[in-house]
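Visitor: To start, I am sharing the structure in question, which I have written as structure tokens.
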Amino acid sequence: MYEAHLLRRSYREGGKVRNETLANLSRLPAETIELVRRSLRGEQFLSAADGFEVERSLPHGHVAAVLGMARRLELARLLDRQPSPERSRVLAMICQQLLAPGSKLACTRALGQSTLAEQLAVEGVDADELYSALDWLGERQERIEARLARRHLAEGAQVLYDVSSSYFEGRTCPLLALGYSRDGRRGMLQIIYGLLADRQGRPVAIEVFPGGLHDDKTLPAQIEKLRRRFGFTTLVLIVDRGMATKANLAALAADPGIGWITALKAPQLKKLVKEGSLQLSLFDEQSLGEITSGDYPGERLVVCRNPLVAAERARKRDGLLQATEAALAPIKARVDAGTLAGAAAIALAVGEVINKRKVKKHFQLEIANNRFAYARKQAQIEEEAALDGFYVLRTNLAEQTLTAADVVRSYKQLAHAERAFRTLKSPELEIRPVRHRREDRVRAHAFLCLLAYYLEWHLRQAWAPLLFIDEQPPLAADPVAKAERSPAAKRKASTQRTADGEVCHSFPSLLAELALIVRDTNRITDTDAVFSKTTNANPTQTRALTLLQLDPKRL
């Protein structure tokens, strides 16, 4: 059976009705033929572009991902059991701090530049309402931290503690003081904050201290927090060597439920060698061993030597020494030529360069009115070089509780806390600049950033297959050796592709990729009918959302 569609017209000629075929439409698609038929009946049609208007387009995919993880973590319930406007605003600020950090005023604008405000029903929120919500969060910090501790810590668990600092642009906050700057901003006022985390690096609590406080002075408050507020009777506290003062260790020793792992400082290590408790030659063929010393009764001393670290430190030292000599040589040439004279003038010129690279201790200087000479303290340099690559961990834990190798592995987990500080200070979260003057709001801001990092930590874990993260880092037989990435992680780094052949992302670039999923609000032309459409997810976006247990078709 054949079917033909002809476009014909009828007309009269000489009193007779005649038909004329104008076109053969048989080869056209059926829908086109139907449009021709309807048009001949008098219907009018609009092009798809003219049929509706796009009233608004907002990035949505990254919001859906962040809120999806927040719901999996029950973050809203963690903040407060009961729904409230303040809870919604705080949740919005946490998510916004992760998506695009900024001031509270900037947050009021940024919330409406994605679907976040709509999703959390905080449209039209102003800066005063956000400040009020921040105060609400600060009042609940202790309760929220206690819930985090119950969620991620348990009796006998290992707890990481470390401190960092951030400089301040203002001068009115009572917490501000001069101190040791980890940002390299000497002479600027700062605050100090200490972070408690579980063994995997999940943040549990943060506390802000005055900027001039020494690191070791922050530890008693953390012990009190863990024992009294969180209610743990047994735990293992892992802290940096800067915390290991006599007073702190005495306080820890007075509490039999607390085990601890830390490290000796450089002078203490030198003293062990000088007294003969540590024989360096014993570690020519081994990297790990235990020793005892009368200076540390009831403690285990785990000695570690990493040849790679030793070689790197030797290289850096030699480079610094050579650079310092290169800076001193022109000064000596000027003195020898007579263009620089006088002990005071020579000392002033030498002082500007001698300790620029922190190696002044390794030089012998002779300065007189018309003479300047310098030489390396070779014996002292060799004495220091002998300790390159060595470090000694100390703990009160028995070997039955933790072997020497596990002591080393546990101490190395402090790298998770250092990674948390780097992320907090990075453009991803921006704990600084701190745009607050009141002490309570500075503390609440730090806590808000901690919660944003808590959310990011879990997102990174879920997205590990798409990121450059090592999903299954190998457990090295030698705990002292440099950590090695798995073959799969090395392959991702070299090919820039995941195991499934997808483009490998950093965390910020994956968020940016998801932000390309937009939600359009459309209006049918010349009507009140409004409808929304969301961009279809591409393969990478689909994979990212699926890893968060979200359905890309139901965003």
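Visitor: Filter the GluC sites (Glu not before Pro) in region 135-213 down to the DSSP loop ones having no more than 12 other Cβ atoms within 10 Å, then list what survives. Mind showing how you got there, number by number?
Guide: On the way: sites: 139, 142, 145, 155, 169, 207; in loops: 155, 169.
Qualifying residues, ordered by number: 155, 169.
Visitor: About the Cα centre of the chain, what is the dipole size in debye to 20, counting +1 per Lys and Arg Cβ and -1 per Asp and Glu Cβ, all else neutral?
Guide: Dipole size: approximately 560 debye.
Visitor: Residue 550: net charge of surrounding residues, Cβ under 13 Å, Lys/Arg +1, Asp/Glu -1, itself excluded? Don't skip to the answer; put the middle values down first.
Guide: Details: positive: 71, 72, 543, 553, 554; negative: 551.
Its environment carries a net charge of +4.
Visitor: Pop out the ³J(HN,Hα) list for region 472-483 in order, Karplus 6.51 cos²θ - 1.76 cosθ + 1.60 with θ = phi - 60°, rounded to Hz; leave Gly and Pro as x.
Guide: Karplus values, whole Hz, x for Gly and Pro: 9, x, x, 8, 5, 5, 9, x, 7, 4, 4, 5.
Visitor: Moving to a separate point now. Taking the Cβ of residue 157 as the center, what net charge do the other residues with Cβ under 11 Å away carry, scoring Lys and Arg +1 and Asp and Glu -1?
Guide: My count for the surroundings of residue 157 gives -1.
Visitor: Under the rule of at least 5 residues apart or a separate chain, name every residue whose amide H is placed under 5 Å from the amide H of residue 301.
Guide: 291
Visitor: A follow-up question, please. Taking a point 7 angstrom from the Cα of residue 405 along the C-beta vector, which residues in region 468-488 have backbone N less than 20 Å away?
Guide: Answer for this model: 472-487.
Visitor: Ordering 526, 406 by accessible area with a probe of 1.4 Å, largest first, what comes out?
Guide: Ranked from most to least accessible, the order is 526, 406.
Visitor: Straight distance only, please: which aspartates and glutamates reach the Cα of residue 425 with their own Cα at less than 14 Å, same-chain residues fewer than 8 apart left out?
Guide: Answer for residue 425, where 14 Å is the Cα cut-off: 183, 456, listed by chain and number.
Visitor: Any idea what the relative contact order of region 454-555 is, in percent, if you count C-alpha pairs under 8 Å spaced at least 6 apart?
Guide: Numbers: 92 pairs, mean separation 22.0, N = 102.
It comes to 22 percent, rounded to a whole number.
Visitor: With N set to the residue count of region 5-161, report its C-alpha Rg divided by 2.2 N^0.38 Å to two decimal places.
Guide: 2.09
Visitor: At a 1.4 Å probe radius, carbon and sulfur cover how many percent of the accessible area of the chain?
Guide: Values: 14810 of 29170 Å².
About 51 percent, which is the carbon plus sulfur part of the accessible surface.
Visitor: If the cut-off is a Cα-Cα distance under 25 Å, which lysines reach residue 553, setting aside same-chain residues fewer than 8 apart in sequence?
Guide: By straight Cα distance, residue 553 reaches 533.
Visitor: Please name whichever of 66, 189, 243 sits farthest to the positive end of the charge dipole of the chain, dipole taken about the Cα centre and charges placed at Cβ: Lys and Arg +1, Asp and Glu -1.
Guide: Working it through, the farthest residue towards the positive pole turns out to be 189.
Visitor: To continue, here is another question. List, in the order given, every pair from 332/361; 356/482; 332/356 whose Cα-Cα distance in the structure shown is over 26 Å. Write down the numbers at each step before the final one.
Guide: Details: 332/361 19 Å; 356/482 30 Å; 332/356 17 Å.
From 332/361; 356/482; 332/356, over 26 Å: 356/482.
Visitor: On a 0 to 90° scale, report how tilted helix 141-152 is relative to the longest principal axis of the chain, with both axes built from alpha carbons and the result rounded to the nearest 10.
Guide: With rounding to tens, the tilt is 90 degrees.
Visitor: So which aspartates and glutamates can residue 265 reach, going by Cα to Cα under 12 Å and dropping same-chain residues fewer than 8 places off?
Guide: Leaving aside aspartates and glutamates fewer than 8 places away in the same chain, those within reach of residue 265 are 240.
Visitor: If you don't mind, there's one more thing I want to ask. Taking the 0 to 90 degree range and rounding to the nearest ten, how far is the long axis of helix 414-425 tilted relative to the main principal axis of the chain, both from C-alpha atoms?
Guide: The helix 414-425 is inclined about 60 degrees to the chain.
Visitor: Given a cut-off of 33 Å, what percent of all Cα-Cα pairs of the chain lie beyond it?
Guide: Details: 91955 of 153735 pairs.
Of the Cα pairs, 60 percent sit more than 33 Å apart.
Visitor: So how do 306-314, 412-420, 95-103 stack up, highest first, on mean other-Cβ count within 10 Å?
Guide: Values: 306-314: 15.0, 412-420: 17.9, 95-103: 21.3.
Sorting 306-314, 412-420, 95-103 by mean packing, highest first, produces 95-103, 412-420, 306-314.
Visitor: Here's another thing I want to ask about it. Anything over 32 Å Cα to Cα? Flag those among 246/360; 225/358; 217/492, in the order listed. Could the numbers behind the result be given before it?
Guide: Working: 246/360 29 Å; 225/358 38 Å; 217/492 43 Å.
Beyond 32 Å: 225/358; 217/492.
Visitor: Sticking with this structure for a sec: Could you state the accessible area per residue of the chain in Å², with a 1.4 Å probe and every protein chain left in place?
Guide: Solvent-accessible surface per residue comes out at 53 Å².
Visitor: Ok, one more. From the helices alone, meaning DSSP H stretches of at least four residues, give me the mean residue ellipticity at 222 nm for the chain, per-run term -39500 (n - 2.57), in deg cm²/dmol to the nearest 500.
Guide: Calculated from helices alone, the mean residue ellipticity at 222 nm is -12500 deg cm²/dmol.
Visitor: Based on DSSP loop calls and a cut-off of at most 16 other Cβ atoms within 10 Å, the longest stretch of the chain free of exposed chymotrypsin sites (Phe, Trp or Tyr not before Pro) is what? Present the calculation step by step, with values, prior to reporting the outcome.
Guide: On the way: sites that count: 2, 45, 180, 468.
Longest run free of exposed loop sites: 181-467.
Visitor: Between helix 61-72 and the chain, what is the angle of the helix's C-alpha long axis to the longest principal axis, kept within 0 to 90° and rounded to the nearest 10?
Guide: 60
The values are calculated or read from the model by the stated rules, or taken from the named source; none is laboratory data. Just so you know, these numbers come straight off a predicted model, no measurement behind them. Heads up, the Cβs are rebuilt from the backbone with ideal geometry, glycines too, and the neighbour counts pull from every protein chain shown. Accessible surface areas use protein heavy atoms only, side chains included; no ligands, DNA or RNA. Shrake-Rupley method; radii C 1.70, N 1.55, O 1.52, S 1.80 Å.
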